[in-house]
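Working notes, structure below.
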Amino acid sequence: MQTDIDPRSLIGRKAFDRNGNKIGTVDEVYLDDATGVPEWAAVRTGLFSRDAFVPLEPSKVVDDSLRVPYDRALIRDAPDFGVGRHLSPEQELQLYHHYGLDIASPDAASSDAASSESATSDRDFGRLAGDDPA
């Protein structure tokens, strides 16, 4: 996602899937606790007033809307963790797996599964944009 945009400015934007189908409206933005980088958006789908989490990377802001490079069906089938709460590392891992995203950090040179699992478990995910760290 474009890193020069204030994550709070995403709230209220319309979100569209890769085919241009409307998914819904961005309700909340979640930041990585360690880096402060916007990582997830909760999009109100309108389907039973449910929020679906979508990854902000590789999504893009285009013409004042959020373009998510996944099909609407996949987005609506994303795990539902509710909104307004911190995402646990386990919940974020479920989301990464759901979208088929690689969670290994770019500087991780080792392909050893144990060290990869350890690196992942040390991360703290999912702080809401606008929330001050405790």
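The values are calculated or read from the model by the stated rules, or taken from the named source; none is laboratory data. Keep in mind it's a predicted model, so treat the numbers as computed, not measured. Because the Cβ atoms are built from the backbone with ideal geometry, glycine has one as well, and the counts that use them run over all protein chains shown. We work out accessible area using only protein heavy atoms, side chains counted, and drop any ligands, DNA or RNA first. Shrake-Rupley method; radii C 1.70, N 1.55, O 1.52, S 1.80 Å.
Residue-wise test of (1) in contact with a helix residue (DSSP H, G or I) (Cβ under 8 Å, 6 or more places away or on another chain); (2) open to solvent by less than 10 Å² (accessible area, probe 1.4 Å); (3) on the phi > 0 side of the Ramachandran plot.
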position: Thr35; (1), (2), (3): no, no, no
position: Arg44; (1), (2), (3): no, no, no
position: Val54; (1), (2), (3): yes, yes, no
position: Glu57; (1), (2), (3): no, no, no
position: Asp63; (1), (2), (3): no, no, yes
position: Val68; (1), (2), (3): yes, yes, no
position: Leu74; (1), (2), (3): yes, no, no
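Any residue in the stretch 66-93 that is polar (S, T, N, Q) sitting within a Cβ distance under 9 Å of a residue that is crowded, with 16+ Cβ neighbours inside 10 Å? List the pairs, counting only those 6 or more apart or interchain.
Final answer for the pair search is Ser88/Phe81; Ser88/Phe125; Ser88/Gly126; Gln91/Phe53; Gln91/Phe81; Gln91/Phe125; Gln91/Gly126.
This table checks each residue for (1) of a type in the set (S, T, N, Q); (2) modelled with pLDDT of 90 or more; (3) open to solvent by 50 Å² or more (accessible area, probe 1.4 Å); (4) out of contact with any Asp or Glu (no Cβ under 6 Å at 6 or more places or on another chain).
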| residue | (1), (2), (3), (4) |
| --- | --- |
| Pro38 | no, yes, no, yes |
| Leu87 | no, yes, no, yes |
| Gln91 | yes, yes, no, yes |
| Asp102 | no, no, yes, yes |
| Ala119 | no, no, yes, yes |
